[in-house]
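**Q** Structure below; questions to follow.
The values are calculated or read from the model by the stated rules, or taken from the named source; none is laboratory data. In this text, all values refer to a predicted model and were calculated from it rather than measured experimentally. Because the Cβ atoms are built from the backbone with ideal geometry, glycine has one as well, and the counts that use them run over all protein chains shown. For accessibility, only protein heavy atoms count, side chains too; no ligands or nucleic acids. Shrake-Rupley method; radii C 1.70, N 1.55, O 1.52, S 1.80 Å.
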Amino acid sequence: MHNVRRDEFIKGSAALGTALCCGSCTAETEPTQEVEHYFRYAENQSETYPTTVAAYYFAALVETRSEGRIKIIVYPAAALGDESSVIEQVQLGMIDFARVSLGALCQFIPFLNVLQLPFLYENAAHMWRVLDGEIGDACLSVLSDYNLCGMSWYDAGARSFYTTKNPIETLEDLAGLHIRVQEASLISDMITALGAQPTTLVFDEVYASLQSEEIDGAENNFPSYDSMEHYKVAPYFCEDEHIRIPEIQLISKTSLAKLSESDQIMMLAAAQESAIYERTLWAERETTSRETVIKGGAVVYPLPAAERARFVDAVTPLYKTYCGEDLDLIAAIQAQA
Ligand code: GCU
């Protein structure tokens, strides 16, 4: 399906106009035909989170353009399970769609680690040049070997460390701290390389573990830090931006095969459009979440450049460990800075 070109995806958007969705509705037009397909879409973020709102938008586009023949029900807040189990179920065709973190997906498709190496991208624009270009498309097409189809990239900003008791101001401050990580070997090893101890936990267990002091900190972007209220229990947020882990919108190839070719093209176009929408929502939410956590008492501070350079040195060996066969590809990614 990746032969469907990006400009074809975009073409369809004009036809729809502005069927933006509030989050709980499904489509703006009344279905004119029988529902042929009910699909389930898994999302582990809350109702109002940018990725979830974009998922509702995607569902509305598909329902509208199929004139009600295709109905996608979005299940937010991990109602269909944590990310790893959702990915397995999408592979088996038991769940049709999901939006997942690339971190989780890399456990199934290690090659994709090449897109989430720590300190790989200079900034958001650099990451988007890569993901929107040939490298991003080629990486999406790899999913096909895993009974998955990667429909689009969603933004998840940059992740930084936050801690419960003391701020992290130097590399030494991380020594021995228990830091929560996603189920992702690269991220675990990154924590170890920085001198801390990784604790693997699913996303919705992080708040309780911070509160009970089972862990000393975690790492994530501003919108997650805000929406999961981690700032209330881990108020020291060091804006080190050590990693950018994009999100990916998936469909099971089993579910895709149930659709006609024209519906497949229409659906992939809708996914691409929802991704563009998500990026706008993301940019807004990053700003408002930053303000919310500061108002709520979080101490947000930068990591000095000299210290950041020490973080970079500590994690650079992971490039070879995880992506030793793809050093040329890493160089091509870096060249797009
Ligand atoms: C981000 C991402 C989630 C992921 C989470 C995590 O918030 O959007 O999908 O589960 O990171 O750290 O587990």
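**Q** Tell me which residues, restricted to segment 102-141, are small (Gly, Ala, Ser) and open to solvent by 10 Å² or more (accessible area, probe 1.4 Å). Quick ask: steps written out before the conclusion?
**A** Applying the first criterion (small (Gly, Ala, Ser)) to segment 102-141 yields 103-104, 124-125, 133, 136, 138, 141.
Scanning segment 102-141 gives ALA124, ALA125, GLY133, ALA138, SER141.
**Q** Please enumerate the residues belonging to segment 42-68 that are more than 24 Å from PRO223 (Cα to Cα) and touching a helix residue (DSSP H, G or I) at 6+ places or on another chain (Cβ under 8 Å).
**A** LEU61, VAL62, THR64, ARG65, SER66
**Q** Ok, one more. Can you give me the ranges of the helices (runs of 4 or more DSSP H) entirely in segment 267-334 with at least 1 residues that are free of Cβ contacts under 8 Å to residues at least 12 places away in the same chain and among the aliphatic types (A, V, I, L, M)?
**A** Numbers: elements: 305-315, 317-323, 327-334.
Fully inside segment 267-334 and qualifying: 305-315, 327-334.
**Q** Filter the helices (runs of 4 or more DSSP H) completely within segment 150-241 down to those with at least 2 residues that are open to solvent by 40 Å² or more (accessible area, probe 1.4 Å). Quick ask: steps written out before the conclusion?
**A** Values: elements: 185-193, 206-211, 222-227.
Because the criterion is at least 2 residues that are open to solvent by 40 Å² or more (accessible area, probe 1.4 Å), the helices (runs of 4 or more DSSP H) in segment 150-241 that meet it are 185-193, 206-211.
**Q** Quick check on segment 198-209. Is at least one of its residues in contact with a Phe, Trp or Tyr (Cβ under 9 Å, 6 or more places away or on another chain) and not β-branched (Val, Ile, Thr)?
**A** Initially, segment 198-209 is screened for residues in contact with a Phe, Trp or Tyr (Cβ under 9 Å, 6 or more places away or on another chain), giving none.
Within segment 198-209, none of the residues are in contact with a Phe, Trp or Tyr (Cβ under 9 Å, 6 or more places away or on another chain) and not β-branched (Val, Ile, Thr).
**Q** Could you please let me know if ARG99 is closer than 22 Å to THR52 by Cβ, within 14 Å of the chain's Cα centre (by Cα) and open to solvent by 10 Å² or more (accessible area, probe 1.4 Å)? Walk me through how you get there before you give the answer.
**A** Details: closer than 22 Å to THR52 by Cβ: yes; within 14 Å of the chain's Cα centre (by Cα): yes; open to solvent by 10 Å² or more (accessible area, probe 1.4 Å): no.
When the stated conditions are applied, ARG99 does not pass them.
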